[in-house]
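Comments concern the structure below.
What follows is calculated from the coordinates using simple rules that are stated; it is not laboratory data. Not measured: the values here are computed from a predicted model. As a convention, Cβ positions derive from the backbone with ideal geometry for all residues, glycine included, and neighbour counts pool all protein chains shown.
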Amino acid sequence: MSNPNTKPSNRAIVQAVLDPVSQGAATVTTGWVPMSTYDSILAMLMVGALGASATVDAKLQQAQDSSGTGAKDITGKSITQLTKAGSDDNKQVLVNCRADELDVNNAFTHVRLSVTVGTAASLIAACVFGLDARYQPGTHKTTVDEVVG
């Protein structure tokens, strides 16, 4: 159980982002997050209006270092495809991952979020939070302009 005196902003640390954008059909990824710093991460994908016949897929990938060496998908860490036809405009999805879910036997230590927009431009944004930093307090990504409270 967490300490009730610890601020939520000290427990959920912004580590990687995909800034809000009308993303054309393509794959975009966040930066790599070192899992040695956190017990777990939470990736949040937000979509706005999806383009005509658009699809959006997202998954977590792992690598052996911060440059992406040996990058591969993490088993069981892919979302169910969001679609215009499925009325998935203005939805959010969350993907959890614990450090022990990586391929640690083969020295995989970093995680990123990969988002693929298919067919038509769609509004997307994403954030990857590191949870419960092993060395408190954690440090937010430099683009975090302000933490209040």
Q: Calculate the spin-label point distance for Ser36 paired with Val144, positioning each point 7 Å from the Cα along the beta-carbon direction, and give it in nanometres.
A: 2.1 nm
**Q.** Under 20 Å from the Asn106 label point (7 Å along Cα→beta-carbon), backbone N, the range 26-67
**A.** 32-36, 59-67
**Q.** Reachable lysines from Lys72, criterion Cα separation under 19 angstrom, eight or more residues apart if same chain
**A.** Lys59
Q) For labels at Val93 and Arg134 in the simple 7 Å Cα→Cβ model, what's the distance in nm? A) 3.0 nm
Q. What does the charge count near Ala99 come to, summing +1 for each Lys or Arg and -1 for each Asp or Glu among other residues with Cβ under 14 Å from its Cβ?
A. -2
Q.
Given R₀ = 35 Å, what would the calculated FRET efficiency be for Ile79 paired with Asn5, taking r from the Cβ atoms and rounding to 0.05?
A. 0.55
**Q.** Alpha-carbon Rg/Rh ratio, for the range 8-119, with Rh computed the Kirkwood way
**A.** 0.98
Q: Straight distance only, please: which aspartates and glutamates reach the Cα of Lys91 with their own Cα at less than 17 Å, same-chain residues fewer than 8 apart left out?
A: Asp19, Asp57
